[in-house]
Amino acid sequence: MAYTCIEVQNEAGIATITFNRPKALNALNGVTLRELDDALTAIAANDEIRVLILTGGGDKAFIAGADITEIRQLTPLAARRFSGFGQQVIDRLQHLPIPVIAAVNGFALGGGCEMALACDFIYAAETATFGLPEINLGIIPGFGGTQRLPRLIGANMAREMIYTGRFLPAREALELGLVNRCFPADQLLAEARKTATQIASKGRASLQAAKDAVRQGLNADLQTGLAIERDAFALCLSSPDAQEGTSAFIEKRKAVFTGK
Ligand code: CO8
(Lines give C-alpha, C1' and ligand atoms only; values in the text may rest on other atoms or scores of the structure.)
Protein backbone atom coordinates (compact mmCIF):
# COMPACT_ATOMS: atom_id res chain seq x y z
CA MET A 1 0.00 0.00 0.00
CA ALA A 2 1.41 3.42 -0.98
CA TYR A 3 1.03 5.86 1.89
CA THR A 4 0.13 9.54 1.63
CA CYS A 5 -0.08 10.59 5.30
CA ILE A 6 2.68 8.52 6.90
CA GLU A 7 6.18 7.43 5.93
CA VAL A 8 7.62 4.09 6.95
CA GLN A 9 11.31 3.38 7.05
CA ASN A 10 13.07 0.13 8.06
CA GLU A 11 16.72 0.09 8.93
CA ALA A 12 18.78 -2.43 10.88
CA GLY A 13 15.79 -3.95 12.66
CA ILE A 14 14.32 -0.57 13.57
CA ALA A 15 11.16 0.68 11.86
CA THR A 16 10.26 4.36 11.98
CA ILE A 17 6.77 5.65 11.21
CA THR A 18 6.66 9.40 10.56
CA PHE A 19 3.26 11.12 10.60
CA ASN A 20 3.48 13.32 7.60
CA ARG A 21 0.81 16.00 7.19
CA PRO A 22 2.93 18.89 8.46
CA LYS A 23 0.60 21.56 7.04
CA ALA A 24 -2.15 20.27 9.37
CA LEU A 25 0.37 19.62 12.16
CA ASN A 26 0.05 15.89 11.38
CA ALA A 27 -3.56 15.83 12.58
CA LEU A 28 -5.06 12.34 12.49
CA ASN A 29 -7.65 11.96 9.75
CA GLY A 30 -9.29 8.71 8.69
CA VAL A 31 -6.69 8.09 5.97
CA THR A 32 -3.81 8.43 8.44
CA LEU A 33 -5.41 5.95 10.83
CA ARG A 34 -6.06 3.45 8.02
CA GLU A 35 -2.48 3.78 6.78
CA LEU A 36 -1.15 3.36 10.31
CA ASP A 37 -3.31 0.26 10.75
CA ASP A 38 -1.89 -1.19 7.53
CA ALA A 39 1.70 -0.33 8.48
CA LEU A 40 1.31 -1.93 11.92
CA THR A 41 0.03 -5.14 10.29
CA ALA A 42 3.12 -5.27 8.06
CA ILE A 43 5.47 -4.49 10.96
CA ALA A 44 3.92 -7.14 13.23
CA ALA A 45 4.38 -9.72 10.47
CA ASN A 46 8.05 -8.85 9.86
CA ASP A 47 10.33 -10.84 12.18
CA GLU A 48 13.31 -8.69 11.19
CA ILE A 49 11.85 -5.61 12.89
CA ARG A 50 12.68 -5.49 16.60
CA VAL A 51 11.66 -1.96 17.60
CA LEU A 52 9.31 0.71 16.25
CA ILE A 53 9.78 4.48 16.62
CA LEU A 54 6.91 6.91 16.01
CA THR A 55 7.63 10.55 15.25
CA GLY A 56 6.17 13.57 13.49
CA GLY A 57 7.18 15.18 10.20
CA GLY A 58 8.00 18.88 10.04
CA ASP A 59 9.46 20.81 12.95
CA LYS A 60 6.31 21.74 14.90
CA ALA A 61 4.26 18.70 15.72
CA PHE A 62 4.24 15.06 16.64
CA ILE A 63 0.44 15.00 16.13
CA ALA A 64 -1.83 17.96 17.03
CA GLY A 65 -4.84 15.71 17.60
CA ALA A 66 -7.64 14.20 15.60
CA ASP A 67 -8.39 16.22 12.47
CA ILE A 68 -10.92 18.73 13.79
CA THR A 69 -12.22 19.59 10.33
CA GLU A 70 -13.09 15.92 9.84
CA ILE A 71 -14.53 15.05 13.27
CA ARG A 72 -16.76 18.11 13.52
CA GLN A 73 -18.91 16.81 10.66
CA LEU A 74 -19.53 13.40 12.19
CA THR A 75 -22.97 12.27 13.32
CA PRO A 76 -23.00 10.69 16.81
CA LEU A 77 -23.05 7.24 15.24
CA ALA A 78 -20.17 8.02 12.90
CA ALA A 79 -18.25 9.62 15.80
CA ARG A 80 -18.65 6.43 17.82
CA ARG A 81 -17.36 4.44 14.84
CA PHE A 82 -14.40 6.79 14.28
CA SER A 83 -13.53 6.83 17.97
CA GLY A 84 -13.80 3.02 18.00
CA PHE A 85 -11.55 2.69 14.96
CA GLY A 86 -8.97 5.09 16.44
CA GLN A 87 -9.06 3.20 19.74
CA GLN A 88 -8.63 -0.09 17.88
CA VAL A 89 -5.59 1.12 15.90
CA ILE A 90 -4.00 2.67 18.99
CA ASP A 91 -4.71 -0.52 20.92
CA ARG A 92 -2.95 -2.51 18.19
CA LEU A 93 0.04 -0.26 18.69
CA GLN A 94 0.02 -1.07 22.40
CA HIS A 95 -0.29 -4.81 21.67
CA LEU A 96 2.40 -4.87 18.96
CA PRO A 97 4.83 -7.74 19.74
CA ILE A 98 7.81 -5.34 19.73
CA PRO A 99 8.65 -2.27 21.86
CA VAL A 100 7.44 1.09 20.54
CA ILE A 101 9.13 4.40 21.36
CA ALA A 102 7.31 7.69 20.81
CA ALA A 103 9.83 10.37 19.77
CA VAL A 104 7.67 13.42 20.40
CA ASN A 105 9.17 16.29 18.45
CA GLY A 106 6.51 18.99 19.00
CA PHE A 107 2.78 19.22 19.78
CA ALA A 108 1.33 15.95 21.11
CA LEU A 109 -2.24 17.04 21.66
CA GLY A 110 -5.54 15.19 21.92
CA GLY A 111 -5.33 12.08 19.75
CA GLY A 112 -1.58 12.72 19.35
CA CYS A 113 -1.03 12.59 23.09
CA GLU A 114 -3.23 9.50 23.19
CA MET A 115 -1.09 7.87 20.49
CA ALA A 116 2.07 8.57 22.51
CA LEU A 117 0.43 7.17 25.66
CA ALA A 118 -0.04 3.79 23.94
CA CYS A 119 3.69 3.55 23.17
CA ASP A 120 6.02 1.69 25.55
CA PHE A 121 7.68 4.95 26.54
CA ILE A 122 8.09 8.51 25.39
CA TYR A 123 11.19 10.53 24.56
CA ALA A 124 10.52 14.21 23.94
CA ALA A 125 12.22 17.22 22.42
CA GLU A 126 12.69 19.99 24.98
CA THR A 127 10.35 22.03 22.76
CA ALA A 128 7.55 19.43 22.81
CA THR A 129 4.13 20.13 24.31
CA PHE A 130 1.60 17.64 25.67
CA GLY A 131 -2.08 18.11 26.35
CA LEU A 132 -5.62 16.81 26.09
CA PRO A 133 -7.36 20.04 24.99
CA GLU A 134 -10.59 18.36 23.80
CA ILE A 135 -12.52 20.09 26.61
CA ASN A 136 -11.89 23.41 24.82
CA LEU A 137 -13.76 22.00 21.82
CA GLY A 138 -16.71 20.87 23.91
CA ILE A 139 -15.72 17.20 23.63
CA ILE A 140 -13.56 14.74 25.57
CA PRO A 141 -10.61 12.52 24.61
CA GLY A 142 -11.86 9.69 22.43
CA PHE A 143 -8.74 7.66 21.63
CA GLY A 144 -8.07 6.29 25.13
CA GLY A 145 -6.84 9.42 26.96
CA THR A 146 -9.30 9.20 29.87
CA GLN A 147 -8.09 5.65 30.51
CA ARG A 148 -4.36 5.56 29.76
CA LEU A 149 -3.36 8.95 31.19
CA PRO A 150 -4.68 8.25 34.76
CA ARG A 151 -2.95 4.87 34.68
CA LEU A 152 0.35 6.58 33.81
CA ILE A 153 0.41 9.76 35.89
CA GLY A 154 -2.34 9.15 38.45
CA ALA A 155 -6.02 10.06 38.43
CA ASN A 156 -5.80 13.56 39.92
CA MET A 157 -3.09 14.89 37.61
CA ALA A 158 -4.95 13.37 34.67
CA ARG A 159 -8.23 14.93 35.80
CA GLU A 160 -6.58 18.36 35.98
CA MET A 161 -5.14 17.99 32.48
CA ILE A 162 -8.43 16.73 31.03
CA TYR A 163 -10.68 19.28 32.81
CA THR A 164 -8.50 22.31 31.99
CA GLY A 165 -7.08 21.28 28.60
CA ARG A 166 -3.81 22.81 29.80
CA PHE A 167 -0.69 22.36 27.64
CA LEU A 168 2.31 20.85 29.47
CA PRO A 169 5.83 21.71 28.38
CA ALA A 170 8.14 18.70 27.96
CA ARG A 171 10.03 19.44 31.21
CA GLU A 172 6.82 19.31 33.22
CA ALA A 173 5.77 16.12 31.42
CA LEU A 174 9.16 14.70 32.40
CA GLU A 175 8.62 15.57 36.07
CA LEU A 176 5.21 13.88 35.96
CA GLY A 177 6.62 10.66 34.53
CA LEU A 178 4.68 11.09 31.30
CA VAL A 179 7.99 11.40 29.45
CA ASN A 180 11.06 9.23 30.16
CA ARG A 181 13.73 11.60 28.83
CA CYS A 182 14.02 15.03 27.17
CA PHE A 183 16.59 16.05 24.56
CA PRO A 184 17.40 19.11 22.45
CA ALA A 185 15.14 18.83 19.40
CA ASP A 186 17.98 18.10 16.97
CA GLN A 187 19.16 15.14 19.08
CA LEU A 188 15.77 13.52 19.73
CA LEU A 189 15.66 11.02 16.86
CA ALA A 190 19.31 10.03 17.26
CA GLU A 191 18.74 9.36 20.96
CA ALA A 192 15.58 7.36 20.24
CA ARG A 193 17.52 5.33 17.66
CA LYS A 194 20.38 4.79 20.11
CA THR A 195 17.98 3.25 22.64
CA ALA A 196 16.16 1.34 19.89
CA THR A 197 19.48 -0.16 18.73
CA GLN A 198 20.25 -1.26 22.27
CA ILE A 199 16.80 -2.88 22.61
CA ALA A 200 17.02 -4.45 19.13
CA SER A 201 20.07 -6.46 20.22
CA LYS A 202 18.00 -8.32 22.85
CA GLY A 203 15.98 -11.50 22.33
CA ARG A 204 12.68 -11.03 20.53
CA ALA A 205 10.86 -13.57 22.70
CA SER A 206 12.03 -12.07 25.98
CA LEU A 207 11.20 -8.53 24.80
CA GLN A 208 7.69 -9.62 23.89
CA ALA A 209 7.28 -11.51 27.17
CA ALA A 210 8.45 -8.46 29.14
CA LYS A 211 6.15 -6.14 27.20
CA ASP A 212 3.13 -8.44 27.64
CA ALA A 213 3.81 -9.00 31.34
CA VAL A 214 4.02 -5.27 32.11
CA ARG A 215 0.93 -4.42 30.03
CA GLN A 216 -1.22 -7.25 31.34
CA GLY A 217 -0.05 -6.73 34.92
CA LEU A 218 -1.03 -3.06 34.84
CA ASN A 219 -4.65 -4.10 34.38
CA ALA A 220 -4.58 -6.81 37.04
CA ASP A 221 -4.18 -7.13 40.81
CA LEU A 222 -0.68 -7.95 42.11
CA GLN A 223 -1.24 -11.71 42.59
CA THR A 224 -2.62 -12.06 39.06
CA GLY A 225 0.27 -9.97 37.73
CA LEU A 226 2.80 -12.18 39.52
CA ALA A 227 1.15 -15.29 38.03
CA ILE A 228 1.39 -13.70 34.57
CA GLU A 229 5.09 -13.01 35.19
CA ARG A 230 5.76 -16.61 36.38
CA ASP A 231 4.22 -18.12 33.26
CA ALA A 232 5.99 -15.68 30.94
CA PHE A 233 9.30 -16.33 32.75
CA ALA A 234 8.93 -20.11 32.40
CA LEU A 235 8.13 -19.79 28.71
CA CYS A 236 11.15 -17.54 28.13
CA LEU A 237 13.50 -19.85 30.00
CA SER A 238 12.70 -22.70 27.62
CA SER A 239 13.50 -20.61 24.53
CA PRO A 240 16.68 -20.98 22.41
CA ASP A 241 17.43 -17.31 23.15
CA ALA A 242 17.53 -18.07 26.88
CA GLN A 243 19.92 -20.96 26.20
CA GLU A 244 22.09 -18.58 24.18
CA GLY A 245 21.94 -15.77 26.76
CA THR A 246 22.86 -17.97 29.71
CA SER A 247 25.54 -19.89 27.73
CA ALA A 248 27.09 -16.61 26.57
CA PHE A 249 27.30 -15.42 30.18
CA ILE A 250 29.07 -18.62 31.31
CA GLU A 251 31.40 -18.61 28.28
CA LYS A 252 32.15 -14.90 28.87
CA ARG A 253 31.10 -13.82 25.38
CA LYS A 254 28.43 -11.52 23.94
CA ALA A 255 25.09 -13.23 23.34
CA VAL A 256 23.78 -13.39 19.79
CA PHE A 257 20.00 -13.75 19.90
CA THR A 258 18.20 -15.29 16.94
CA GLY A 259 14.72 -14.27 18.07
CA LYS A 260 13.57 -17.84 18.76
N1 CO8 B 1 -7.04 19.28 13.19
C2 CO8 B 1 -7.03 19.87 11.99
N3 CO8 B 1 -6.17 20.87 11.66
C4 CO8 B 1 -5.30 21.26 12.60
C5 CO8 B 1 -5.24 20.68 13.87
C6 CO8 B 1 -6.18 19.64 14.15
N7 CO8 B 1 -6.18 18.98 15.33
N8 CO8 B 1 -4.28 21.31 14.59
C9 CO8 B 1 -3.73 22.22 13.79
N10 CO8 B 1 -4.35 22.20 12.57
C11 CO8 B 1 -4.06 23.05 11.42
C12 CO8 B 1 -4.56 24.46 11.62
O13 CO8 B 1 -5.93 24.56 11.35
C14 CO8 B 1 -3.69 25.22 10.66
O15 CO8 B 1 -4.20 25.04 9.37
P16 CO8 B 1 -4.25 26.31 8.34
O17 CO8 B 1 -2.80 26.69 8.14
O18 CO8 B 1 -4.89 25.73 7.13
O19 CO8 B 1 -5.04 27.38 9.01
C20 CO8 B 1 -2.36 24.50 10.72
O21 CO8 B 1 -2.65 23.20 11.26
C22 CO8 B 1 -1.35 25.17 11.64
O23 CO8 B 1 -1.97 25.35 12.89
P24 CO8 B 1 -2.01 26.78 13.63
O25 CO8 B 1 -1.99 27.88 12.64
O26 CO8 B 1 -3.17 26.73 14.58
O27 CO8 B 1 -0.64 26.74 14.40
P28 CO8 B 1 -0.26 27.47 15.76
O29 CO8 B 1 1.20 27.29 15.94
O30 CO8 B 1 -0.81 28.84 15.81
O31 CO8 B 1 -1.03 26.62 16.89
C32 CO8 B 1 -1.74 24.61 17.99
C33 CO8 B 1 -0.69 25.28 17.11
C34 CO8 B 1 -1.74 25.22 19.38
C35 CO8 B 1 -1.38 23.13 18.07
C36 CO8 B 1 -3.15 24.79 17.37
O37 CO8 B 1 -3.08 24.41 16.01
C38 CO8 B 1 -4.22 23.95 18.00
O39 CO8 B 1 -4.71 24.29 19.07
N40 CO8 B 1 -4.61 22.85 17.34
C41 CO8 B 1 -5.69 21.99 17.83
C42 CO8 B 1 -5.26 21.15 19.01
C43 CO8 B 1 -6.43 20.33 19.50
O44 CO8 B 1 -7.44 20.85 19.96
N45 CO8 B 1 -6.30 18.98 19.43
C46 CO8 B 1 -7.33 18.06 19.85
C47 CO8 B 1 -8.17 17.68 18.66
S48 CO8 B 1 -9.57 16.69 19.09
C49 CO8 B 1 -8.92 15.15 19.36
O50 CO8 B 1 -7.77 14.91 19.22
C51 CO8 B 1 -9.91 14.12 19.79
C52 CO8 B 1 -9.34 12.70 19.71
C53 CO8 B 1 -10.46 11.68 19.76
C54 CO8 B 1 -11.28 11.73 18.52
C55 CO8 B 1 -12.45 10.83 18.55
C56 CO8 B 1 -13.19 10.93 17.21
C57 CO8 B 1 -14.63 10.81 17.25
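Roughly speaking, to the nearest percent, how much of region 116-178's 1.4 Å accessible area is carbon and sulfur?
On the way: 1610 of 2880 Å².
Accessible surface attributable to carbon and sulfur in region 116-178 totals 56 percent.
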Among ALA24, ALA118, ALA64, which one moves the most in a GNM of the chain with springs linking Cα atoms closer than 10 Å? ALA24
What residue among PHE167, PHE107, PHE19 has the largest mean-square fluctuation in a Gaussian network model of the chain, using Cα springs under 10 Å? PHE167
Kindly report, to the nearest 10 Å², the accessible surface of CYS5 as traced by a 1.4 Å probe over protein heavy atoms only. 10 Å²
Mean shadow area of region 1-139, taken as a quarter of the surface of its Cα convex hull (nm²): 8.1 nm²
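Based on the alpha-carbon set only, what is the convex hull volume of region 203-251 divided per residue, in Å³? List each step's numbers first, then the result.
Values: hull volume 3.1 nm³, N = 49.
Looking at region 203-251, the number lands at 62 Å³ per residue.
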Place a +1 charge on the Cβ of each Lys and Arg in region 1-144 and a -1 charge on the Cβ of each Asp and Glu, then give the dipole magnitude about the Cα centre in debye, rounded to the nearest 20. 440 debye
Kindly express, to the nearest 10 degrees and within the range 0 to 90, the angle between helix 155-164's C-alpha long axis and the longest C-alpha principal axis of the chain. 30 degrees
Checked region 124-260 with the C-alpha gyration tensor, a ≥ b ≥ c its square-rooted eigenvalues, rounded below a/c of 1.5, otherwise prolate if a/b is larger than b/c and oblate if not; verdict oblate
Grab the DSSP H runs of the chain that are 4 residues or longer, score each as -39,500 (n - 2.57), total them, divide by all residues and round the 222 nm result to the nearest 500 deg cm²/dmol. -15000 deg cm²/dmol
Farthest towards the positive end of the dipole of region 6-200, among GLY57, ALA78, THR32 and with Cβ unit charges of +1 on Lys and Arg and -1 on Asp and Glu, lies the Cα of ALA78
Where does the Debye-calculated log10 I(q)/I(0) of the chain sit at q = 0.08 Å⁻¹, using only Cα point scatterers of equal weight, no solvent? -0.33
Among PHE249, VAL214, ALA232, which residue has its Cα furthest toward the positive end of the charge dipole of region 203-251, with +1 on Lys/Arg Cβ and -1 on Asp/Glu Cβ? VAL214
Rounded to the nearest Å, what's the spacing between the alpha carbon centres of region 159-213 and region 11-37? Just the number, please. 18 Å
Between ARG72 and ASP47, what length comes free when the chain is fully extended (0.36 nm per residue of separation minus the Cα-Cα distance, one decimal in nm)? 5.0 nm
Which distance in Å, rounded to a whole number, links the C-alpha centroids of region 47-70 and region 108-134? 10 Å
Any chance you could give the angle, 0 to 90 degrees and rounded to 10, that helix 76-95 forms with the longest Cα principal axis of the chain? 20 degrees
To make sure I understand the rule: partners must be lysines, Cα under 21 Å from the Cα of LYS23, and not fewer than 8 residues away in the same chain. Which ones qualify? LYS60
Rank these by accessible area, largest first, 1.4 Å probe: LYS194, LYS23, LYS252. LYS23, LYS252, LYS194
Partners for LYS254 among lysines (Cα-Cα distance below 28 Å; same-chain residues under 8 apart left out): LYS194, LYS202, LYS211
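For the chain, give the magnitude of the charge dipole about the Cα centre (Cβ charges: +1 Lys/Arg, -1 Asp/Glu; no others), in debye to the nearest 20.
120 debye
Taking only C-alpha pairs under 8 Å that are 6+ residues apart, what is the relative contact order of the chain in percent? Walk me through the intermediate numbers first.
Details: 471 pairs, mean separation 39.9, N = 260.
Here the relative contact order equals 15 percent.
Using a 1.4 Å probe on the protein chains only, how many percent of the accessible area of region 203-251 belongs to carbon and sulfur?
65 percent
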How large is the accessible surface of SER201 in square angstrom, using a 1.4 angstrom probe and rounding to the nearest 10? 50 Å²
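Give me the 1.4 Å probe accessible area per residue for the chain, excluding ligands and nucleic acids, in Å².
Values: 13250 Å² over 260 residues.
Dividing the accessible area of the chain by its residue count gives 51 Å².
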One would report the antiparallel percent of DSSP beta bridges in the chain, rounded to the nearest 5, as 25 percent
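The values are calculated or read from the model by the stated rules, or taken from the named source; none is laboratory data. Note that the structure is a prediction, hence the values are computed from the model and not measured. Every residue, glycine as well, gets a Cβ built from its backbone with ideal geometry; the counts of neighbours run over all protein chains shown. For the accessible areas, the whole protein counts, side chains as well, though only heavy atoms, and no ligand, DNA or RNA atoms are used. Shrake-Rupley method; radii C 1.70, N 1.55, O 1.52, S 1.80 Å.
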